[in-house]
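Below is one structure, written out as structure tokens, with a few remarks after it.
The values are calculated or read from the model by the stated rules, or taken from the named source; none is laboratory data. The structure presented is a predicted model; accordingly, all values stated were derived computationally and were not measured. Backbone-built Cβ (ideal geometry, glycine too); neighbour counts: all protein chains shown. Remember, those area values only see protein heavy atoms, side chains included, never the ligands or the DNA or RNA. Shrake-Rupley method; radii C 1.70, N 1.55, O 1.52, S 1.80 Å.
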Amino acid sequence: MSEAVSALKGESHTGFATVAEAGLTGMVTIRADLGSKTLADALGSLGLSVPGLRGVVAAGGRSLAWMSPDELMLFCGYDEAPKIVADLTAAFGGEHSLVVNVSDMRSLFVVSGAKGDEVLMKLCPVDMATLPQMEMRRTRAAQTGVAFWRSGPEEIRLICFRSVAGYMMGLLEVSSRRGGEIF
């Protein structure tokens, strides 16, 4: 069996902001009634709680993002994703839900630096000036569906399908080139 590798093997570029593929990251989609006690208890066992509308919560090296009224995305260590899927599936028992390891279907990027917002301002129809920390946005970057959140004062995390990771890196790299600053 071959060793798992991320889409771009951690590729990064530095311009007026740094853009990097985060490497192998565990990602688990959870579709369920977000008001379910079963879901709350299962997430509690991971040290997490159901985030509010468009929210992202983090604890113990994991993050949990609100994706839609019945969908969450859990970010964790790549190697722990299969066990989390098995544990959550068992916790739900017969309750209507879907828990899927999508780690190999998605790519995670990190945009960092004081002018990191400007990278996404060029690509996405989002008012970056009003995006609070730990709030998820689902939108487009050029012609690609993405979701992103401000994960720190000078850091934005962005996910897209793995099949467009090279294209996304190209967009981010060109948008972050020195001399292309907006302000």
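Some values worked out for this structure:
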| item | result |
| --- | --- |
| Residues of segment 19-51 classified as within 15 Å of residue 102 (Cβ to Cβ), of a type in the set (Gly, Ala, Ser) and touching a Lys or Arg at 6+ places or on another chain (Cβ under 8 Å), total | 1 |
| Selected residue (criterion: farthest from residue 68 (Cα to Cα)) from residues of segment 119-143 that are β-branched (Val, Ile, Thr) and open to solvent by 10 Å² or more (accessible area, probe 1.4 Å) | 130 |
| Near pairs, Cβ below 7 angstrom, 6+ apart or cross-chain, from segment 71-97 (under 22 Å from residue 53 (Cβ atoms)) to any residue that is open to solvent by 60 Å² or more (accessible area, probe 1.4 Å) and of a type outside the set (A, V, I, L, M, F, W, C) | 71/31; 97/31 |
| Every pair of residues 6+ apart whose Cβ atoms lie under 6 Å, when the first sits in segment 7-29 and is more than 22 Å from residue 61 (Cα to Cα) and of a type outside the set (Ser, Thr, Tyr) while the second is open to solvent by 30 Å² or more (accessible area, probe 1.4 Å) and in a loop (DSSP other than H, G, I, E, B) | 15/177; 15/178; 16/115; 16/178; 16/181; 17/115 |
| Checking residue 58 against (1) closer than 17 Å to residue 101 by Cβ; (2) in contact with a Leu (Cβ under 9 Å, 6 or more places away or on another chain); (3) among the small types (Gly, Ala, Ser), the condition it does not meet | (1) |
| Leading residue by the ranking (farthest from residue 116 (Cα to Cα)) among those in segment 30-57 that are touching a residue at least 40 places away in the same chain (Cβ under 8 Å) and of a type in the set (D, E, K, R) | 41 |
| Unique residue being under 20 Å from residue 28 (Cα atoms), charged (D, E, K, R) and out of contact with any Leu (no Cβ under 6 Å at 6 or more places or on another chain) when the list is 162, 150 | 162 |
| Residue check for residue 110: modelled with pLDDT of 95 or more and under 21 Å from residue 32 (Cα atoms) | no |
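For (1) hydroxyl-bearing (Ser, Thr, Tyr); (2) modelled with pLDDT of 95 or more; (3) within 17 Å of the chain's Cα centre (by Cα), each residue gets a yes or a no:
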{"residue": "78", "(1), (2), (3)": "yes, yes, yes"}
{"residue": "83", "(1), (2), (3)": "no, yes, no"}
{"residue": "91", "(1), (2), (3)": "no, yes, no"}
{"residue": "103", "(1), (2), (3)": "yes, yes, yes"}
{"residue": "106", "(1), (2), (3)": "no, yes, yes"}
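Yes/no per residue for (1) open to solvent by 30 Å² or more (accessible area, probe 1.4 Å); (2) touching a Cys at 6+ places or on another chain (Cβ under 9 Å):
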| position | (1), (2) |
| --- | --- |
| 83 | yes, no |
| 86 | yes, no |
| 91 | yes, no |
| 94 | yes, no |
| 98 | yes, no |
| 101 | yes, no |
| 107 | no, yes |
| 117 | yes, no |
| 145 | yes, yes |
